[in-house]
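Engineer: Structure in structure tokens, see below.
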2 protein chains.
Amino acid sequence: MKKENISDAVIRRLPRYYRQLTDLCARGVVRISSHSLGQEMNITASQIRQDFSCFGEFGQQGYGYNVEELRAEIGHILGVDNDHHLIMIGVGNLGRALLRNFPFSQTGFSVDAAFDVSTAVVGSSVNGVPVYAMEELESYIEKHSVDVVVLTIPQSVAQDTANRLIELGVHGFWNFTNVELSSSNPDVKFENIHFADSLLTLSYRIANR
Amino acid sequence: MKKENISDAVIRRLPRYYRQLTDLCARGVVRISSHSLGQEMNITASQIRQDFSCFGEFGQQGYGYNVEELRAEIGHILGVDNDHHLIMIGVGNLGRALLRNFPFSQTGFSVDAAFDVSTAVVGSSVNGVPVYAMEELESYIEKHSVDVVVLTIPQSVAQDTANRLIELGVHGFWNFTNVELSSSNPDVKFENIHFADSLLTLSYRIANR
DNA sequence: TATGTTTTGAGAATAATTTAACAAATCATC
DNA sequence: GATGATTTGTTAAATTATTCTCAAAACATA
């Protein structure tokens, strides 16, 4: 039964399904049951069926799921076949590492531009992505469509920079700064990579194992 | 009422409390009630009190919580005052970015060594951390205590490398590869930073806002 | 010291998530 | 085509997480 509002818990599991199905495809597996998929992923078959049923009926009784088809469906739900446009603010060590290594195109994103305050990098390009000065941000966004902004900047300027971008109509932020960003507009979405938070939970778990 | 087993949901909120309390300290705030803390963090006062009560009674009726004291308690729970030892496997763009930027010491970790397969980096040092050849891993771990290993290596060698380290007694992994790692030993803890998963959930949310 | 206010921690109630159960549909084989 | 084995999608039950409520404790002020 297709649901109207999908819970966050379900959404956060989708990418993992997508990865597993990509792997199954690569291994040449044609079909799979919720039971065996669950075994591979170490989750219950019930949860898998429940999760998928939020979006439609992708399986067939007595048969299971067609791997390639299911992968395409979930990829579509996640938007990997979209043409999302992304820019990066902050071309320091982390920003550069992402530009060089992260497979943006595989997730449906094209990286169109980067911005930085440092005159040392402005004018250069990293992995084919041109680096502009922060002053050019407004005029750039007026001319180009921007779906997501990657924030790889210092904490201290994170919220101000976000505000400036929200003002310009951006509503997707991939936030690598270790602060909580917010907007009064509920349509503005923040996705955080909080390195420190992550390491601290590990610290807790190894101490309390 | 102190709890025996703390749920993952609670643990994952602790670092955020810690951050907020650090900020309050810096702002010179001496005491705070669950209500106003909740307002600042956009969560309910109930949840805050419930969360804290898992670990003890840190507040005082009619007064609230002493900010500095509470910060210290949560820091202690998370282990920021521990002397955890950490090594990094894989000194590529991402590994280098972390070594240069991430404040390991603030989270109770000291980075003692890094390892890589590339002869181009072996023998060098990044931000004071010496880079050794992968062949030296076994002898290094025999001589030094290692609590956590940061995996910033290609997916393809992630599980094998983890296995090799688990064999050597390591039971904490900060995993930056986009694969799910596992061990039959439940005392081995994996904390994942799955960049692609994170961006995909954002992709979903901006498309379905 | 008495009085009204604030605020916690705990228990109860509610909400959300996960797991179990099962009818209905398909498959595989005789 | 009939029969038994699979496997789904859905509903129900169980579990987990969050929010509400309130007595008890401490504070603030007179």
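Any read-out appearing in this document is the output of simple, stated calculations on the displayed coordinates, not a laboratory observation. Note that the coordinates shown come from a computational prediction; the quantities given were computed from them, not determined experimentally. Methodologically, a virtual Cβ is constructed for each residue, glycine included, from the backbone with ideal geometry; neighbour enumeration extends over all protein chains shown.
Engineer: Sort out for me the helices (runs of 4 or more DSSP H) sitting completely within the range A:1-120 that have 2 or more residues that are under 23 Å from B:S156 (Cβ atoms) and free of Cβ contacts under 8 Å to residues at least 40 places away in the same chain.
Structural biologist: A:8-26, A:34-41, A:93-101
Engineer: Give the residue that is surrounded by the fewest Cβ atoms within 10 Å (Cβ to Cβ), with candidates limited to residues of the range B:183-193 that are facing chain A (nearest Cβ under 7 Å) and out of contact with any Gly (no Cβ under 6 Å at 6 or more places or on another chain).
Structural biologist: That would be B:D187.
Engineer: Next up: For residues that are within 20 Å of A:N178 (Cβ to Cβ) and either buried (at least 20 other Cβ atoms within 10 Å of the Cβ) or among the basic types (K, R) (or both), tally how many sit in the range B:53-72.
Structural biologist: Residues meeting the conditions: 3.
Engineer: Right, something else. What's the total number of residues in the range B:12-23 that are more than 17 Å from the chain's Cα centre (by Cα) and more than 13 Å from DNA strand C (Cβ to nearest atom)?
Structural biologist: 1
Engineer: Taking the range A:73-90 as the search range and keeping residues that are closer than 30 Å to A:E138 by Cα and surrounded by fewer than 20 Cβ atoms within 10 Å (Cβ to Cβ), which one is nearest to DNA strand D (Cβ to nearest atom)?
Structural biologist: Across the range A:73-90, the extreme among qualifying residues is A:D81.
Engineer: Starting from residues that are surrounded by fewer than 15 Cβ atoms within 10 Å (Cβ to Cβ) and closer than 18 Å to A:S46 by Cβ, keep the ones in the range A:1-11 and report whichever is farthest from DNA strand C (Cβ to nearest atom).
Structural biologist: It comes out as A:M1.
Engineer: Residue by residue through the range A:37-58, note down the ones that are closer than 10 Å to A:V10 by Cα and not acidic (D, E).
Structural biologist: The answer is A:Q47, A:I48, A:Q50, A:F52, A:C54.
Engineer: How many residues does the range A:37-72 hold that are near DNA strand D (Cβ under 7 Å from one of its atoms) and over 23 Å from B:Y204 (Cβ atoms)?
Structural biologist: 6
Engineer: Going through the range B:135-158 one residue at a time, which ones are assigned to a helix (DSSP H, G or I) and away from chain A (no Cβ under 14 Å)?
Structural biologist: B:E135, B:E136, B:L137, B:E138, B:S139, B:Y140, B:I141, B:E142, B:K143, B:V157 - these are the residues of the range B:135-158 that are assigned to a helix (DSSP H, G or I) and away from chain A (no Cβ under 14 Å).
Engineer: When you scan the range B:56-83, how many residues do you find that are more than 14 Å from B:S34 (Cβ to Cβ) and more than 10 Å from DNA strand C (Cβ to nearest atom)?
Structural biologist: The total comes to 14.
Engineer: Can you name the number of the only condition in (1) in a loop (DSSP other than H, G, I, E, B); (2) away from every other protein chain (no Cβ under 11 Å); (3) surrounded by 13 or more Cβ atoms within 10 Å (Cβ to Cβ) that A:Y132 fails?
Structural biologist: Going through the list (1) in a loop (DSSP other than H, G, I, E, B); (2) away from every other protein chain (no Cβ under 11 Å); (3) surrounded by 13 or more Cβ atoms within 10 Å (Cβ to Cβ), A:Y132 breaks only (1).
Engineer: In addition: Would you call A:S156 without any contact (Cβ under 8 Å) to a residue 24 or more places away in the chain and either surrounded by 13 or more Cβ atoms within 10 Å (Cβ to Cβ) or farther than 30 Å from B:L86 by Cα (or both)?
Structural biologist: Criteria not met by A:S156.
Per-residue answers, yes or no, for (1) over 24 Å from A:F195 (Cβ atoms); (2) acidic (D, E); (3) away from chain A (no Cβ under 11 Å); (4) out of contact with any Cys (no Cβ under 9 Å at 6 or more places or on another chain):
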{"site": "B:R49", "(1), (2), (3), (4)": "yes, no, yes, yes"}
{"site": "B:C54", "(1), (2), (3), (4)": "yes, no, yes, yes"}
{"site": "B:G62", "(1), (2), (3), (4)": "yes, no, yes, yes"}
{"site": "B:E68", "(1), (2), (3), (4)": "yes, yes, yes, no"}
{"site": "B:G75", "(1), (2), (3), (4)": "no, no, no, yes"}
{"site": "B:L86", "(1), (2), (3), (4)": "no, no, no, yes"}
{"site": "B:L94", "(1), (2), (3), (4)": "no, no, no, yes"}
{"site": "B:R100", "(1), (2), (3), (4)": "no, no, no, yes"}
{"site": "B:S105", "(1), (2), (3), (4)": "no, no, yes, yes"}
